[in-house]
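S.K.: Okay, here's the structure, questions in a sec.
The values are calculated or read from the model by the stated rules, or taken from the named source; none is laboratory data. Keep in mind the model is a prediction, meaning the values are calculated, not measured. Here the Cβ positions follow ideal geometry from the backbone for every residue, glycine too, while neighbour counts run over all protein chains shown.
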Amino acid sequence: MNSTPHSPQVGPRRLIVGISGASGIVYGITALRLLRELGIETHLVVSKSAIVTLAHESDIKYAQLCALADVHYQSTDIGAAISSGSFRTMGMLVAPCSIRSLSEISTGVTSSLLSRAADVVLKERRRLVLMVRETPLHAGHLQSMLNVTNMGAVVMPPVPAFYAKPASLQDMVDQTVGRALDLFDLGVGIKRWGES
């Protein structure tokens, strides 16, 4: 079990963003936009299923999604830079994270660049945040979440914070993604409990 706290990032301000096929592709899109505003170099990998989800949930095209990142990779490109631990990053955010991706990461049996990159982040003891999108959950889902947590990942389902008094769906998304980026010590100006 990995109980060692993550040390502050030294080196490139570079984050991997994975987008899987779960509903909620807006979380990944928003993360890429916020990271660009923060000047963080982004390396994007999109699963095949996410390309299908994108067509159902967003008006932007796949090429436009890829253009939000500094670098993007095909999900089949197992030789990509992000598949190696020697390629230094701050870690990886999977937004949204499907149960399939969670299951692959939790077993270490990776079939795509998305799950391989997440596996590399874990083995290098870097921060991995999984915005798991599924409900209700059965015991297998919960076991996979426990497994990745014991391996050092952070499971962060995208649960809205109503204390922020969101006025729109995008407000809720921004707050949730902002909280996920907090886990990489990247402040994005979200509403915080107890702060005015």
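S.K.: Any residue in segment 90-105 that is free of Cβ contacts under 8 Å to residues at least 60 places away in the same chain and over 16 Å from Gly21 (Cα atoms)? Talk me through it step by step, then tell me what you get.
M.R.: Of the residues in segment 90-105, the ones free of Cβ contacts under 8 Å to residues at least 60 places away in the same chain are 102-105.
Checking the rest, the ones that are also over 16 Å from Gly21 (Cα atoms) come to none.
Checked against the condition, which is being free of Cβ contacts under 8 Å to residues at least 60 places away in the same chain and over 16 Å from Gly21 (Cα atoms), segment 90-105 yields no hits at all.
S.K.: Do any residues in segment 165-189 that are on the phi > 0 side of the Ramachandran plot have Cβ atoms under 9 Å from those of residues that are modelled with pLDDT of 95 or more and among the small types (Gly, Ala, Ser), where the two are at least six apart or on different chains, and which pairs are they?
M.R.: Gly189/Gly178
S.K.: Mind counting the residues in segment 166-196 that are in a loop (DSSP other than H, G, I, E, B) and touching a helix residue (DSSP H, G or I) at 6+ places or on another chain (Cβ under 7 Å)? Walk me through how you get there before you give the answer.
M.R.: Step one: filter segment 166-196 for residues in a loop (DSSP other than H, G, I, E, B), giving 166-168, 183-196.
Add one more test, that the residue is touching a helix residue (DSSP H, G or I) at 6+ places or on another chain (Cβ under 7 Å), and what stays is 166, 188, 190-191, 193.
Residues flagged as in a loop (DSSP other than H, G, I, E, B) and touching a helix residue (DSSP H, G or I) at 6+ places or on another chain (Cβ under 7 Å) within segment 166-196 amount to 5.
S.K.: Go through (1) surrounded by 21 or more Cβ atoms within 10 Å (Cβ to Cβ); (2) not in a loop (DSSP other than H, G, I, E, B) and name the single condition Ser75 misses.
M.R.: (2)
S.K.: Scan (1) buried (at least 18 other Cβ atoms within 10 Å of the Cβ); (2) assigned to a helix (DSSP H, G or I) for the single condition Val94 breaks and write down its number.
M.R.: (2)
S.K.: Which of (1) farther than 23 Å from Val154 by Cα; (2) under 15 Å from the mean Cα position of the chain (by Cα); (3) in a helix (DSSP H, G or I) is the odd one out, the single condition Ser101 does not satisfy?
M.R.: Every listed condition holds for Ser101 apart from (1).
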